Amino acid sequence: MYVADLPELPRRLAAAEPGWSETTDVLVVGSGVAGLTAALYLREQGLHVTVVTKVNIDDGSTKWAQGGIAAVLDPLDTPAAHANDTEIAGVGLCDPAAVRVLVEEGPARVRELIRRGAAFDRNDDGSLMLTREGGHRADRIVHAGGDATGAEVQRALHQAVHRDPWIRLVEHALVLDLLRDAEGRACGITLHVLGEGSEDGVGAILARAVVLATGGMGQIYASTTNPSVSTGDGVALALRAGAAVTDVEFVQFHPTSFVTANVTSVQRPLISEALRGEGAHLVDESGKRFMVGQHELAELAPRDVVAKGIHRVLRATGADHVYLDARHLGARFLEQRFPTIVASTRAAGIDPATDLIPVAPAAHYASGGVRTDLRGRTSIPGLYACGEVACTGVHGANRLASNSLLEGLVFAKRIADDIAHELPAQSEPAPDTGEPGWVVTPAVRAELQRSMTRGAGVLRSAESLNATVRDLSLLAERRDTPRNAAWEATNLLTVASVLVAAARARRETRGCHWREDFPVAEDEWRGHLLHTLDGRTRLTQSFEEMA
């Protein structure tokens, strides 16, 4: 079924013809936990790997992950309990088979990460220090540096990659479009590398398989915990190539981003859920704990529940934030357990040992993305997806805290195993069809972010979503010449359009999709909305019921 009213979307980006090319066995796009882990496992299979990353190797979302990695590492915990917590958070839309893969294979992948050099916090007896986060009913979160888990994971993987001379790293490279051979199989990408090749830096990397690990799309909103590079490039590329995406309406808003006048960029500092796991409370301006009575876990309810609870307070009071109260935990504990948070808040004039921390929800994680099977394969042969860009079925309508890094570890290994088993010979790209590409002006980015926040943010309705569609249609008419900022803006327009289409179609409230005009979950909507882009730049939509 075609989706009416949406703006026209490009089937390719306007760009110069590639002025250079190179060949590799496997091309990995992205250098976070998913991409680097995939590269390392692929090297264990004896394959030559090229990793393409948008800015520098450490500039993605992984290093910003504070809380930790969820895995069953306590003898008293069980994979079944972890699976149950994951499926409760996913509100009926998790794929049970994918969840089983995650929780059963996760512990081994974390131990392998430790063997690669990741140093997690430990107790005095040498055992791993475990904590709890929202939605978990057991202590199963491993962490590093107190609240710097992502930075430690990124450091360990970065060093492991640099030790291997058969992993080529291409930095400052923006992926443009997928190359396919005459039979439709993925056989490489076009990309723009600053200062390399032709005058505008456009080139091509040919590969026997392509792995997308490009991260999320948080930059479609005016406030997000995601870095500026999270512009939905992988999802947009996959759509232009004809791949199916699903569950894109389920964007998780982290309940506690730091609200401060000193933060002027779209990216907001994150106040880890682990702080609430250690006993911090959410309070309104009068000091009342408003989450008590709303859920049995109060502040440790799943993230969608807490974000909605905060949003209700903000609507009722007209304020732009509530508060996190960690004063009772004491300065010594806070400095030892949460050094990153303490440093960032104190730099902004807030001391969590003596002051309330102002917080509000911000776009955090895309539970949906490019649809994959349990081996990371997309609907295009030879194209794989891993990490936040992918929709494996693990997260359903709302990701459970600290399952994201684990998902990257687990499915990166599965992708490497599948590629090694079925890797064909290198093929040549099919001849260019001559289909014209186009891009929008970079100036639409800020307007798009404001419109998406107003109409397709934490709270949605038919009226707000229709208004956003009208805004996006006008923005799509503002065309421009090819350059990095224009390519990014076009990717943002693409993923925003699909998200609004899905949110408008799903007439219920479920997980992190909250429709004010359809406030309850409905059995008829227990399933997945799939979207593809046809050959005439029109978005098609279908619904697949859960088994």
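The values are calculated or read from the model by the stated rules, or taken from the named source; none is laboratory data. Everything numeric here is computed off the predicted structure, so don't read it as measured data. Don't worry about glycine lacking a Cβ; one is built from the backbone with ideal geometry, like all the others, and counts go over all protein chains shown.
The residue of segment 359-411 that is farthest from ALA326 (Cα to Cα), among those that are in contact with a Gly (Cβ under 7 Å, 6 or more places away or on another chain) and surrounded by fewer than 24 Cβ atoms within 10 Å (Cβ to Cβ), is PRO381. In segment 387-443, the qualifying residues are those that are outside any loop (DSSP other than H, G, I, E, B) and of a type in the set (Asp, Glu), and the one that is nearest to LEU157 (Cα to Cα) is GLU407. For segment 361-386, the candidate set comprises residues that are farther than 19 Å from GLN219 by Cα and in a strand (DSSP E or B); within that set, the residue that is nearest to the chain's Cα centre (by Cα) is ALA385. Looking across segment 8-53, the residues that are under 23 Å from GLY232 (Cα atoms) and assigned to a helix (DSSP H, G or I) come down to VAL33, ALA34, GLY35, LEU36, THR37, ALA38, ALA39.
Residues that are crowded, with 20+ Cβ neighbours inside 10 Å and either touching a residue at least 60 places away in the same chain (Cβ under 8 Å) or of a type in the set (A, V, I, L, M, F, W, C) (or both) were ranked within segment 446-464; the one that is farthest from ALA366 (Cα to Cα) is LEU448.
Looking across segment 465-490, the residues that are surrounded by 15 or more Cβ atoms within 10 Å (Cβ to Cβ) and acidic (Asp, Glu) come down to ASP471, ASP480, GLU488. In the set THR190, THR214, THR231, which member is among the polar types (S, T, N, Q), modelled with pLDDT of 95 or more and surrounded by fewer than 24 Cβ atoms within 10 Å (Cβ to Cβ)? Of THR190, THR214, THR231, the one residue that is among the polar types (S, T, N, Q), modelled with pLDDT of 95 or more and surrounded by fewer than 24 Cβ atoms within 10 Å (Cβ to Cβ) is THR190. Once segment 259-281 is narrowed to residues that are of a type in the set (A, V, I, L, M) and modelled with pLDDT under 80, the residue that is surrounded by the fewest Cβ atoms within 10 Å (Cβ to Cβ) is ALA261. Residues of segment 311-350 that are of a type in the set (Asp, Glu), surrounded by 13 or more Cβ atoms within 10 Å (Cβ to Cβ) and more than 22 Å from VAL142 (Cα to Cα): ASP325 alone.
Yes/no matrix, rows are residues, columns are (1) in a loop (DSSP other than H, G, I, E, B); (2) farther than 20 Å from LEU383 by Cβ; (3) in contact (Cβ under 8 Å) with a residue 60 or more places away in the chain:
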| site | (1), (2), (3) |
| --- | --- |
| ASP139 | yes, yes, yes |
| GLY145 | yes, yes, yes |
| ALA156 | no, yes, no |
| CYS187 | no, no, yes |
| THR190 | no, no, yes |
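The number of residues in segment 330-360 being of a type in the set (A, V, I, L, M, F, W, C) and assigned to a strand (DSSP E or B) comes to 3. Every condition in (1) at positive phi; (2) modelled with pLDDT of 95 or more holds for ILE205 except the one numbered (1). Scanning segment 273-281 turns up at least one residue that is touching a residue at least 12 places away in the same chain (Cβ under 8 Å) and either in a strand (DSSP E or B) or under 14 Å from the mean Cα position of the chain (by Cα) (or both).
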